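The values are calculated or read from the model by the stated rules, or taken from the named source; none is laboratory data. Only a predicted model underlies this, so the values are computations on that prediction, with no experimental measurement involved. Cβ: placed from backbone, ideal geometry, glycine included. Neighbour counts: every protein chain shown.
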Amino acid sequence: MELFQILHKDIPEKKKIFALFRKQEQQDISKYILKMIKHVKKETNEIRLLNMFCIELYDILYYHLMFGNIRIIKKLLRLIEALALPMSYTDNIKRGETLKKTCKIKIK
């Protein structure tokens, strides 16, 4: 139940995400994505919920990233990919380190 509340509250609809790009074609949404990840991290301390959040977020963005409809800085994209891996691929220590790196990113 808690997972669904987090996903529905923190992951906006696809229309809202892509409305950001239509305003300015070359707009980079890295700040917006980073802000969402930091907000979810602050609200939940469970790594599993954060993992599910990153998986859903990456699934929403994947198609549009591949076809160049949206732009995200490569450094942030690689960290989101690492956080979106299944729990059996990486341990909690490595996932915690990746999360710390993600939260330390400064985007101009």
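Listed values, structure above:
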read-out: Residue that is surrounded by the fewest Cβ atoms within 10 Å (Cβ to Cβ), among those in the range 45-80 that are within 18 Å of LYS94 (Cα to Cα) and in contact (Cβ under 8 Å) with a residue 40 or more places away in the chain; value: ILE47
read-out: Residue list for the range 60-85, filter: on the phi < 0 side of the Ramachandran plot and in a loop (DSSP other than H, G, I, E, B); value: PHE67, ASN69, ILE70, ILE72, ILE73, ALA84, LEU85
read-out: Where SER88 falls short, out of the listed (1) touching a strand residue (DSSP E or B) at 6+ places or on another chain (Cβ under 7 Å); (2) at pLDDT 80 or above; value: (1)
read-out: Candidates ILE73, ILE60 - the one that is under 19 Å from ASP28 (Cβ atoms) and in contact with a strand residue (DSSP E or B) (Cβ under 8 Å, 6 or more places away or on another chain); value: ILE73
read-out: Selection count where residues are surrounded by fewer than 16 Cβ atoms within 10 Å (Cβ to Cβ), part of a helix (DSSP H, G or I) and touching a Lys or Arg at 6+ places or on another chain (Cβ under 8 Å), scope the range 86-104; value: 1
